[in-house]
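All of the numbers you see were taken from the coordinates with simple rules; none came from a lab. Note that this is a predicted model, so its numbers are computed, not measured. A quick note on method: Cβ atoms are made from the backbone with ideal geometry, for glycine too, and the neighbour counts reach across all protein chains shown.
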2 protein chains.
Amino acid sequence: TGQGTRDHPPAQAALRDRLLSAVVSCFKRHGAAAIDTPVLELRETLTGKYGEDTKLIYELQDQGGELLALRYDLTVPFARYLAMNKVTNMKRYHVAKVYRRDNPATTRGRYREFYQCDFDIAGQFDPMIPDAECLKIVHEILSDLQLGDFLIKVNDRRILNGVFAVCGVPESKFMPACSTVDKLDKVPWEEVRNEMVGEKGLSPEAADRIGEYVQLHGGLDLIEQLLQDPKLSQNKLAKEGLGDMKLLFEYLTLFGITGKISFDLSLARGLDYYTGVIFEAVLLHQKNEHVEEPVSVGSVAGGGRYDGLVGMFDPKGRKVPCVGVSIGIERIFSILEQRLKASGEKLRTTETEVLVATPQKHLLAARLTLISELWDARIKAEMLYKKDPKLLKQLQYCEDMGIPLAAIVGEQELADGVVKLRDVATREEVRM
Amino acid sequence: TGQGTRDHPPAQAALRDRLLSAVVSCFKRHGAAAIDTPVLELRETLTGKYGEDTKLIYELQDQGGELLALRYDLTVPFARYLAMNKVTNMKRYHVAKVYRRDNPATTRGRYREFYQCDFDIAGQFDPMIPDAECLKIVHEILSDLQLGDFLIKVNDRRILNGVFAVCGVPESKFMPACSTVDKLDKVPWEEVRNEMVGEKGLSPEAADRIGEYVQLHGGLDLIEQLLQDPKLSQNKLAKEGLGDMKLLFEYLTLFGITGKISFDLSLARGLDYYTGVIFEAVLLHQKNEHVEEPVSVGSVAGGGRYDGLVGMFDPKGRKVPCVGVSIGIERIFSILEQRLKASGEKLRTTETEVLVATPQKHLLAARLTLISELWDARIKAEMLYKKDPKLLKQLQYCEDMGIPLAAIVGEQELADGVVKLRDVATREEVRM
């Protein structure tokens with residue numbers, strides 16, 4: 001395979017299947033319908049949507065037709081789909097591979113081809129009800145998968161922009177300031193401040209004022225505090241964002257999940273298209289017994305509101321408000337895989353219920369007849385592809401593959417018109 | 001979307017899901033494990049495997065790294081996988097999209113991006129046992145899907161090559177002759193003969209002799225007849241092929257499926273890599289009451305034995321014999337879709353079991369609390385994303401989406417600590 005892509009052998013494919021079906025069953029539990037969009041998109045659909053990352057889009061060779069590229073995520077194709085089909089109201093999920101022409105860092109679970117699992121709600125609704133559901137979904141999935149303790153950080157682009165405004169940042173520098181703030185989960189404030197002042201050209205005073213805000217995190221109390229903030233409460237955008245954040249926390253309280261939610265002003269998210277609530281879930285790593293400051297082991301889900309993206313694909317610019325979540329299945333997969341390895345547990349890669357076996361030679365016809373009846377009765381059955389396999393080999397195959405039962409037809413059984421059913425683990429046998 | 005690619009809206013995605021899961025459950029019933037390979041393959045992996053069709057491979061732009069292409073089918077990646085991982089024994093299925101840089105004929109169900117569903121058995125086994133299982137699988141799937149009457153044509157490349165040899169065709173022209181014979185299901189013998197003599201440079205006498213053979217089809221009787229054929233029985237390859245074909249029919253008799261199998265000497269299959277048994281399933285179209293000569297409505301499954309392909313990827317040329325089948329899911333999908341349309345039946349696109357509703361205003365909190373409890377109890381539930389929706393709107397949504405139940409909490413229910421469960425279709429209500 002090429003660099004940064006990989007095969008999934010049966011053990012991995014089985015684990016991935018199990019993981020994906022847990023995620024999909026949560027999406028279905030919330031009433032989402034599936035859609036499927038092509039891996040190939042027109043290049044023009046993708047350009048101008050991902051900011052600096054546009055350079056990571058995989059383009060197909062110009063072969064004298066349309067200029068095509070491989071999809072970069074599932075959000076932009078979804079927005080294109082809504083606009084093209086004039087859909088203004090939809091709850092959908094999509095589980096599929098996306099492509100990045102990145103330098104693969106396979107050890108950190110970063111690949112050029114990887115799965116995304118997205119759930120999105122499109123439509124004009126009352127504020128924060130769909131947004132709260134997206135957070136509930138993240139909470140359900142991370143709890144279901146038993147990945148350990150986690151934290152969902154929440155913020156709002158309007159609050160961030162309000163902070164920038166009241167700290168004296170000109171509007172043209174909101175986006176650059178935003179992508180610098182986004183690094184706060186990896187580097188200390190000092191470095192972020194240096195980048196703001198150096199690379200992004202903010203004044204040191206503005207940076208310091210920003211620093212006071214973005215290091216805040218909390219819950220309803222912090223929202224109330226900021227709503228009273230003499231500067232922030234004067235900013236229209238920030239006030240809207242804070243009002244909605246308060247509403248969101250009320251709904252999350254009714255869902256009983258605020259224990260794992262943190263209103264965190266340092267959360268910024270990289271992508272251009274977010275317009276409102278943004279969120280990101282991280283797994284927490286507790287050091288032994290003494291619960292110190294929890295150390296993040298990376299983001300496993302993220303999303304937010306993007307009310308302007310669909311309009312970019314509509315000829316008349318008609319907007320469809322959207323909010324959605326993407327589950328970072330590859331990182332979760334790595335964690336589950338390591339855990340499985342550590343446990344020594346062997347995952348079955350097939351679902352075969354019974355092996356059709358014979359203890360003597362010249363009984364291939366009996367095996368073929370019996371297995372055919374089993375298949376027709378919808379029973380998952382296998383046999384060895386040998387005319388005269390040894391019984392020991394057949395039972396060994398059951399043990400290797402985790403097949404629980406062997407249906408044995410010997411000369412005696414054939415004469416009596418019965419089958420001997422053997423429990424491979426206990427070696428108990430019944431004739432039937 | 002680009003030419004020859006398409007979105008699958010929820011109704012199509014739901015039908016496709018149902019179809020794919022029927023196919024996958026048959027593959028699992030036969031003990032196959034899933035693997036996944038990347039959409040991106042190295043170009044060199046794909047070149048030289050598809051004969052004339054190599055020009056249809058989609059290549060990625062040369063961006064200063066490896067030269068990549070999109071996979072053309074699932075068979076070549078499987079063979080590459082076996083060789084790379086030194087796997088000599090495996091039963092696997094793979095359901096995934098493949099890509100062809102073809103002129104799309106979307107009305108005939110031909111797209112540039114489409115699903116393939118493959119099942120393959122790799123390994124050195126006793127003759128024709130895995131081959132017979134592949135045919136059983138085709139029989140099971142086409143029966144399960146209730147597509148109407150069908151016929152599975154079977155032939156063997158060794159028999160075809162034997163026929164060419166005894167008819168005086170030089171070995172260098174076997175492949176060209178083969179691809180011409182392959183057209184016999186679409187055009188009459190006269191045209192095929194003209195192409196053989198004209199384009200492919202066979203002598204008219206050779207073409208006429210071939211014509212006598214390739215118009216034959218039948219069952220065990222035909223196999224016996226050809227085994228007695230004074231010329232064919234002298235050809236080593238043909239004799240081997242006919243011997244194995246006889247064995248195959250014995251096994252298919254034990255499976256009870258010979259009624260739908262035809263040994264057909266006109267079946268050739270286009271791809272270079274087949275080395276033994278080949279087969280193709282076609283749906284038969286019966287004209288009204290009077291069962292005339294059945295008219296084929298196109299191939300819906302195909303496959304065969306390819307014992308040389310894995311060796312092409314092994315540095316030492318070590319061979320792994322393989323036989324496999326590919327289900328033509330796109331054609332079957334078109335048929336099922338048309339049938340669904342004709343029946344007027346509406347397929348549900350979501351699985352929601354219950355809508356949480358309120359009959360009065362100011363009850364959003366009650367709805368959020370109840371739905372959260374339902375989700376936590378693994379019940380598929382939805383609610384409208386409005387603060388104060390009208391009850392009629394909520395019940396209308398149930399009818400539109402096929403949601404069978406509404407859980408209603410009003411002021412009275414809230415005071416009594418109960419929920420009113422309403423059957424949307426019958427309008428019956430119970431308090432609980």
Shielding score for B:348-358, defined as the mean number of other chain Cβ atoms within 10 Å: 3
Mind checking the angle between helix B:10-29 and chain B's longest principal axis? C-alpha axes, 0 to 90 degrees, to the nearest 10. 60 degrees
I need A:Glu195, B:Glu59, A:Glu428 ordered by Cβ neighbour count within 10 Å, fewest first. A:Glu428, B:Glu59, A:Glu195
In a GNM of chain A with a 10 Å cut-off on Cα contacts, which of A:His362, A:His217, A:His30 has the highest mean-square fluctuation? A:His362
Between A:Gly65, A:Gly241, A:Gly303, which gets the highest mean-square fluctuation from a Gaussian network model of chain A, Cα cutoff 10 Å? A:Gly65
Any lysines whose Cα falls less than 17 Å from that of B:Lys97, other than same-chain ones fewer than 8 residues away, would be A:Lys97
Rule-of-thumb check for the protein assembly as shown: C-alpha Rg over 2.2 N^0.38 Å? 1.09
Report D for the stretch A:75-177 in µm² per second (integer): Stokes-Einstein, Kirkwood Rh on Cα pairs, 4 °C, 1.567 mPa s. 75 µm²/s
Run a plain Debye calculation on the stretch B:236-288 (Cα atoms as equal point scatterers, no solvent) and give log10 I(q)/I(0) at q = 0.16, 0.22 Å⁻¹, rounded to two decimals, same order as the q list. -0.61, -1.01
Assigning unit charges at the beta carbon (Lys, Arg +1; Asp, Glu -1) and nothing else, what dipole magnitude in debye, to the nearest 20, does the stretch B:43-166 show about its Cα centre? 220 debye
Using only Cα atoms, find the angle between the long axis of helix B:391-401 and the longest principal axis of chain B, and express it within 0 to 90 degrees, rounded to the nearest 10. 10 degrees
Over all pairs of different Cα atoms in the stretch A:327-373, the reciprocal of the mean inverse distance gives a Kirkwood radius in Å of 14.4 Å
Taking each pair of different alpha-carbon atoms in chain A once, compute 1/r for the pair, average those values, and report the inverse of that mean as the Kirkwood hydrodynamic radius in Å to one decimal. 25.2 Å
Inter-copy separations for B:Met312, label at 7 Å along Cα-Cβ, nm, ascending: 4.2
Restricting to DSSP loop positions (anything but H, G, I, E, B) with no more than 11 other Cβ atoms inside 10 Å of their own Cβ, which trypsin sites (Lys or Arg not before Pro) remain in the stretch A:61-155? A:Lys86
Cβ neighbours within 10 Å from other chains - mean over B:383-392: 3
Explain nothing, just the number: dipole magnitude of the stretch B:136-206 about its Cα centre with +1 on each Lys and Arg Cβ and -1 on each Asp and Glu Cβ, in debye rounded to the nearest 20. 200 debye
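Taking the Cα centre of the protein assembly as shown as origin, sum charge times position over the Cβ atoms of Lys and Arg (+1) and Asp and Glu (-1), and report the length of that vector in debye to the nearest 20.
It works out to roughly 260 debye.
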Exposure proxy ranking, count of Cβ atoms within 10 Å, fewest first, for A:Lys346, A:Lys173: A:Lys346, A:Lys173
Any lysines whose Cα falls less than 19 Å from that of A:Lys239, other than same-chain ones fewer than 8 residues away, would be A:Lys231
Calculate, in nm to one decimal, what B:Asp388 and B:Asp221 gain on full extension: separation in residues at 0.36 nm each, minus their alpha carbon distance. 52.6 nm
DSSP beta bridge pairing in chain A, given as percent antiparallel to the nearest 5: 80 percent
In the structure shown, do any of A:Lys346/B:Lys153; B:Lys136/B:Lys316; A:Lys346/B:Lys319 have a Cα-Cα gap over 32 Å, and if so which? A:Lys346/B:Lys153; B:Lys136/B:Lys316
Acute angle (nearest 10 degrees) that the helix B:157-166 long axis makes with the longest principal axis of chain B, alpha-carbon atoms: 20 degrees
What FRET efficiency would be calculated for the residue pair B:Lys236, A:Asp62, taking the C-beta separation as r and a Förster radius of 51 Å, to the nearest 0.05? 0.55
Only loop residues by DSSP count here, and only those with at most 10 other Cβ atoms within 10 Å; note down the GluC sites (Glu not before Pro) in the stretch B:321-369 that meet that. B:Glu345
Shape descriptors of the stretch A:209-367 over alpha-carbon atoms, Rg and Dmax in angstrom, are 25.2, 92
In the Gaussian network model of chain A, springs joining C-alpha atoms below 10 Å, which of A:Leu67, A:Leu363, A:Leu347 carries the largest mean-square fluctuation? A:Leu363
How far is B:Gly270 from itself in the other copies, in nm, if each label sits 7 Å out from Cα along the Cα-Cβ line, shortest first? 4.1
Centre separation in Å (Cα based) which lies between the stretch B:37-100 and the stretch A:21-37: 30 Å
Please list, or write none, the aspartates and glutamates whose alpha carbon is within less than 12 Å of the alpha carbon of B:Lys420, excluding same-chain residues fewer than 8 places away. B:Glu411, B:Glu428, B:Glu429
